[in-house]
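Report on the structure given below.
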Amino acid sequence: MLPLSDIGIGLVGMLIILFISALPLYFAVKFMGSEVSILKVLLANLIVGVIYFFVPSLIAFVLLLFVYKAMFELSWPGALGAWILQIIIAILLGVAFVILGAAALI
């Protein structure tokens, strides 16, 4: 059985990862001009994660767009734009983390 401190550290780590993974969507929806809070983005990410776990890919993608449309009050093209922008922001943040990590090694 794991000590309580290990479980607590694991939960805190999981929450930090969940928060960091929500940032690209937060910035994408904010850029699209919609009202958004980090809690709403976290909830949307959790809903989309459950959908992708239980539903085949193409249907899940349409449901993802529907979740974005409903939760962030976007149009269908706006939801698609937020999804594309989310990917671009995630890539840019990943590159920035790699560069910062490489710079720390020098």
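What FRET efficiency comes out for the pair ILE87/LEU15, r = Cβ-Cβ distance, R0 = 35 Å, nearest 0.05? Rounded to the nearest 0.05, the efficiency is 0.90. Comparing Cα centroids, the range 86-105 and the range 32-53 end up 22 angstrom apart. Per residue, the convex hull spanned by the Cα atoms of the chain amounts to 140 cubic angstrom.
For the range 48-53, putting each phi into the Karplus relation 6.51 cos²θ - 1.76 cosθ + 1.60 with θ = phi - 60° gives couplings of 5, x, 5, 4, 5, 6 Hz, in residue order, rounded to whole numbers and with x for Gly and Pro. For the range 86-102, putting each phi into the Karplus relation 6.51 cos²θ - 1.76 cosθ + 1.60 with θ = phi - 60° gives couplings of 4, 5, 4, 5, 4, 5, 5, 5, x, 5, 4, 5, 5, 5, 5, x, 5 Hz, in residue order, rounded to whole numbers and with x for Gly and Pro. Protection proxy ranking of 90-98, 74-82, by the mean of other Cβ atoms within 10 Å over each peptide's residues and highest first, is 74-82, 90-98.
Here's the picture: a label point sits 7 Å out from the Cα of LEU46 along the beta-carbon direction, and within the range 63-91 the residues with their amide nitrogen under 20 Å of it are 63-73.
Only the coordinates and a few stated rules stand behind these numbers; no lab work does. Model, not experiment: these values are computed from the prediction. Neighbour counts run over all protein chains shown; Cβ positions are idealised from the backbone, glycine included.
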